[in-house]
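Written out below as structure tokens is the structure these notes cover.
Read-outs throughout are calculated quantities, based only on the coordinates presented, and are distinct from any laboratory measurement. Model, not experiment: these values are computed from the prediction. Cβ sites come from the backbone with ideal geometry, for glycine too, and all protein chains shown count toward neighbours.
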Ligand SMILES: [Mn+2]
């Protein structure tokens, strides 16, 4: 059966975002939630992790996990932007055993198997959700176009990542025609900073260890730094690595000290594949943006990362 028919037939639907939620999974779910509500369906949203407060400009995000999840009260479960089998967390088992499940996703290598799967290689899952909502013949207003625009911005790095294609701009343009509040998306999310965060990140940039011989940079944000500047350790600092790439360095890393270990983020210039270095530490990701975890004291982790980057650059053949 066509997946749109499956959605049309269902009266009560649970929507799922992936764990460690990002703008694409949240914006896509919120847009679909608003579209299905307009069609008179009973809809609830769930996520293994709480949606960070920074997403509160989308007021619907407060409605995630409002109800105790009971799989028998839904005709249909939909996983949105969920590629991995472990990304539904505590809901995984119920999802796997429910009679009517649907995965709407844009990751080709995804391993999650729903009863029905709709996977298209788009820059963001938001594009597939946009097509789904149009297919359901829902009138698109700002409560749908704004979260979709937000999702599109997230997965394309504000229309700058390698995945940004003409279709991305075409959909963005259409979302604008449907009233997407793009100013809100920028000012209340992507550009928004707090003074403590600004001070923490300035400190991290200032104390960067720069290696001019090989052309890379390693930065740290210690647990003490987070405490000193009054920033919650759940705040992400990985994108700071881009700053030194803009100064001409090849590879840049930020190491963040958390209770369970050192969380690292790499960014690299186009020709360098930082996911290869992340894999040395059991991590991975994309060619120019990757992550890893090291369970060692911060100073030792810095040395290990510096050595791994030097090793990579020494062997780099271009
Ligand atoms: Mn996505």
* To do: Arrange 128, 255, 148, 4 by Cβ neighbour counts within 10 Å, fewest through most, would you?
  => 4, 128, 255, 148
* Round to the nearest 10 and give me the degree value, 0 to 90, for the angle of helix 142-156's Cα axis relative to the longest principal axis of the chain. => 30
* Please report 275, 202 as a ranked list, fewest other C-beta atoms within 10 angstrom at the top and most at the bottom. => 202, 275
* Structure fact -> In whole angstrom, the spacing between the Cα centers of the stretch 65-84 and the stretch 270-318 equals 36
* Structure fact -> Yeah, the stretch 3-190 with a ≥ b ≥ c from its alpha-carbon gyration tensor (a/c under 1.5 is rounded, else prolate when a/b outruns b/c, oblate otherwise) is rounded
* Could you grab the relative contact order for the stretch 195-315? Cα pairs under 8 Å, six or more apart, rounded to a whole percent. => 19
* **Efficiency of FRET from Cβ geometry, residue 158 and residue 195, R₀ 30 Å, rounded to 0.05** => 0.85
* Structure fact -> Between residue 169 and residue 63, the two model label points (7 Å from Cα along the beta-carbon direction) sit apart by a distance in nm of 3.5
* Structure fact -> Note on the chain: contact order normalised by length, alpha-carbon pairs under 8 Å, 6 or more apart, percent, works out to 12
* Note down the nm distance, to one decimal, between modelled labels 7 Å out along Cα→Cβ at residue 188 and at residue 86. => 3.5
* Return a whole-number percent for the relative contact order of the stretch 62-145, with Cα pairs under 8 Å and 6 or more residues apart as the contact set. => 23
* **Anisotropy class of the stretch 167-219 from Cα gyration tensor, a/c 1.5 cut** => oblate
* **Tilt relative to the chain, helix 166-177 - C-alpha long axis, 0 to 90 degrees, to 10** => 60
* Label 7 Å along Cα→Cβ of residue 223; the stretch 294-318 residues with amide nitrogen under 17 Å? -> 294-302
* Structure fact -> Rounded to the nearest 10, the angle in degrees between the Cα long axis of helix 125-135 and the longest principal axis of the Cα atoms of the chain comes to 10
* Structure fact -> Summing -39500 (n - 2.57) over every DSSP H run of at least 4 in the chain, dividing by its residue total and rounding to the nearest 500, the 222 nm mean residue ellipticity is -11000 deg cm²/dmol
* Structure fact -> FRET efficiency (residue 113, residue 212; Cβ distance; R0 51 Å; to 0.05) is 0.55
* Structure fact -> Per residue, the convex hull enclosing the Cα atoms of the chain spans a volume in Å³ of 140
